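Novice: First the structure, then my questions, so here it is.
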Amino acid sequence: MCRNMKQRGFSLIMAIFLIVVLGGIAVFIGRVSTMQHQSSALDEEGAMAYQAAKSGIEWGVYQAIESSSCITPPQEFTLALAVPTTPASTVDYTVTVRCESPTPTPKEGSTEVNVYQITATANNAAAGNFAVERQLTATVSK
C-alpha cells in the first residue's frame, strides 16, 4: 500500500503540464494569425496609396502640360478608392500634388524646353490603425 501512495498525483502533474503547453501553443498561433491579418491589411492599404499617388502624378502631368506652367500653390484633393474585398466601402486618400520648374528655363538649341518635376503624396492618415503614405515623383518636359 505504501508503494501506491508514492505514485499518486503523477498523472495530475502531467495533465497540468500538457494543459499549460497546449495553451501556450494556442496563444502563439493566435498571435501569428493576428499579425498575418494585419500585415495583409497593411499591404492592401499600401497598394491603394500607391495607386492614389499615381493618379496624382497623372493629374499633375496633365495640368502642367496643358497650361504650360506649374501648379501654384500646391493642389490638394481627396480621392475615394473602392476597397476590392468589400465593394460597398471606400477609403479616402488625400493626395497633394506639387510642381517645380527649374529657373532659368533650359534650352535645346534656340528652343526653350519646359521641364516640370511633379511630386504626388498620398496618405490616409484618418483611416485609424493603418496610416499609410506613398510619394511618387515624375519629371516631364514639353
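Novice: Filtering region 47-73 down to residues that are in contact with a Leu (Cβ under 8 Å, 6 or more places away or on another chain) and polar (S, T, N, Q), which residue is least open to solvent (accessible area, probe 1.4 Å)?
Specialist: Among them, the one singled out is Ser55.
Novice: Can you tell me which residue within region 102-124, out of those that are modelled with pLDDT of 85 or more and either under 19 Å from Leu42 (Cα atoms) or aromatic (Phe, Trp, Tyr) (or both), is farthest from the chain's Cα centre (by Cα)?
Specialist: It comes out as Tyr116.
Novice: Still on this structure, I have one more. If Cys99 satisfies every condition in (1) open to solvent by less than 80 Å² (accessible area, probe 1.4 Å); (2) at pLDDT below 75 but one, which is the exception?
Specialist: So the condition that Cys99 fails would be (2).
Novice: Another question, then. Would you mind finding the one in Ala52, Ala127, Ala47, Ala82 that is closer than 25 Å to Met35 by Cα, at pLDDT 70 or above and under 17 Å from the mean Cα position of the chain (by Cα)?
Specialist: Criteria check complete, one pass: Ala47.
Novice: Something else: Could you grab the pairs with beta carbons closer than 8 Å, sequence gap of 6+ or different chains, first residue in region 24-46 and surrounded by 10 or more Cβ atoms within 10 Å (Cβ to Cβ), second one basic (Lys, Arg)?
Specialist: Here the result reads Gly46/Arg134, each pair linking region 24-46 to a residue that is basic (Lys, Arg).
The values are calculated or read from the model by the stated rules, or taken from the named source; none is laboratory data. Predicted model only: the values in this text are computed from it and were never measured. FYI the Cβ positions are ideal-geometry reconstructions off the backbone, even for glycines, and counts take in every protein chain you see. Side chains included, ligands, DNA and RNA excluded: accessible areas come from the protein's heavy atoms. Shrake-Rupley method; radii C 1.70, N 1.55, O 1.52, S 1.80 Å.
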